[in-house]
Amino acid sequence: MPVTERPGDRPSERDRPSERRGAARTAVVWSALRPVLGSGPLDVLDIGGGTGGFAVRVAEQGHRVTVVDPSPDALASLGRRARELGVEVAAQQGDLSTLVDVTGADAADVVLCHGVLEVVEDPAAALRSLRAVLRRGGTLSLLVAQRHAAVVARAMAGHFQQALAMLDEGATTGAPASRSGSRFTRDEVGALLEDAGFEVASVHGVRVFADLVPGSLLDLEPGAAGALVDLEQAVAARPEYLPLATQLHLLAR
């Protein structure tokens, strides 16, 4: 079943402020996923998918979706959300360290891993686990925090020592995540993916401007939220803007 535009792809003036900002923060990811999810139905694994913000919407498109998450409370919320919207989403408790045991090898056509690689102790081992559960020719959607933007954000907030420390934080294959989580540059995450046996198909910057724009502007200026979504999508694939993105979204096969 093809993935089509739906409410929430682009915010309207009737949306709540949180929804308008949320649309600006996720529009680039959904645009990149649209061709991947355009055929099917597919078997989709959402690793660390929590309450189903992505998973339920993917299930609405007719795909067979399973969320793997360590939190039983999050999985319970996922179940309620899925029932309210009349879709089926399987839920399994687990994490990346036991992923193959939970799902089995070659379990999915598409794996979503959004905001998870930052908090694991061994990103290289985590990516090898993701590779093991993907079928041949499958696609990994990986969303990670980027270090360059974090340095800028700390400096703009006046936390200059934190910004200085982040400059040399360095994500390595065996380095444990810090208390605030790991952050990656484009080259670092690309090297990790290649070492795990992936081929990077595309890289997009996510939240290039969305985290810098005052919330009051989106709330009060007519059309501002929609224009911000358009701007985010326009710069997402431009390499000169990647260092400004709060997150990097990579599709890898």
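The values are calculated or read from the model by the stated rules, or taken from the named source; none is laboratory data. Note that the structure is a prediction, hence the values are computed from the model and not measured. Cβ placement follows ideal geometry from the backbone for every residue including glycine, while neighbour counts extend to all protein chains displayed. Accessible surface areas use protein heavy atoms only, side chains included; no ligands, DNA or RNA. Shrake-Rupley method; radii C 1.70, N 1.55, O 1.52, S 1.80 Å.
Would you check if Arg179 is at pLDDT below 95, closer than 21 Å to Val151 by Cα, buried (at least 17 other Cβ atoms within 10 Å of the Cβ) and basic (Lys, Arg)?
no
Is it the case, given these coordinates, that Asp219 is under 13 Å from Pro123 (Cβ atoms), in contact (Cβ under 8 Å) with a residue 40 or more places away in the chain and out of contact with any Leu (no Cβ under 6 Å at 6 or more places or on another chain)?
So Asp219 fails the test.
Being in a loop (DSSP other than H, G, I, E, B), open to solvent by 50 Å² or more (accessible area, probe 1.4 Å) and aliphatic (A, V, I, L, M) is the filter here, so list the residues in the range 182-217 that pass it.
Once the filter is applied, which keeps residues that are in a loop (DSSP other than H, G, I, E, B), open to solvent by 50 Å² or more (accessible area, probe 1.4 Å) and aliphatic (A, V, I, L, M), the range 182-217 yields only Leu212.
From the list Val87, Val119, pick out the single residue that is touching a helix residue (DSSP H, G or I) at 6+ places or on another chain (Cβ under 9 Å), surrounded by 13 or more Cβ atoms within 10 Å (Cβ to Cβ) and modelled with pLDDT of 90 or more.
Val87
I'd like the full set of residues that are in a helix (DSSP H, G or I) and hydrophobic (A, V, I, L, M, F, W, C), limited to the range 218-253.
Of the residues in the range 218-253, the ones in a helix (DSSP H, G or I) are 218-220, 224-235, 239-244.
Those that are in a helix (DSSP H, G or I) and hydrophobic (A, V, I, L, M, F, W, C): Leu218, Leu220, Ala224, Ala225, Ala227, Leu228, Val229, Leu231, Ala234, Val235, Leu242, Leu244.
Based on this model, can you work out whether Gln92 counts as more than 20 Å from Val65 (Cβ to Cβ), open to solvent by 30 Å² or more (accessible area, probe 1.4 Å), of a type outside the set (Phe, Trp, Tyr) and in contact with a helix residue (DSSP H, G or I) (Cβ under 7 Å, 6 or more places away or on another chain)?
Judged against the criteria, Gln92 is not a match.
So for the range 153-168 (the condition being open to solvent by less than 60 Å² (accessible area, probe 1.4 Å), touching a Pro at 6+ places or on another chain (Cβ under 7 Å), modelled with pLDDT of 90 or more and in a helix (DSSP H, G or I)), does at least one residue qualify?
No, that holds for no residue.
Given (1) modelled with pLDDT of 85 or more; (2) out of contact with any strand residue (DSSP E or B) (no Cβ under 8 Å at 6 or more places or on another chain); (3) surrounded by 13 or more Cβ atoms within 10 Å (Cβ to Cβ), where does Ala224 come up short, assuming only one miss?
The one condition Ala224 does not meet is (1).
Can you tell me which residue is nearest to Ser129 (Cα to Cα) among those in the range 39-55 that are out of contact with any Pro (no Cβ under 9 Å at 6 or more places or on another chain) and at pLDDT below 95?
Gly49
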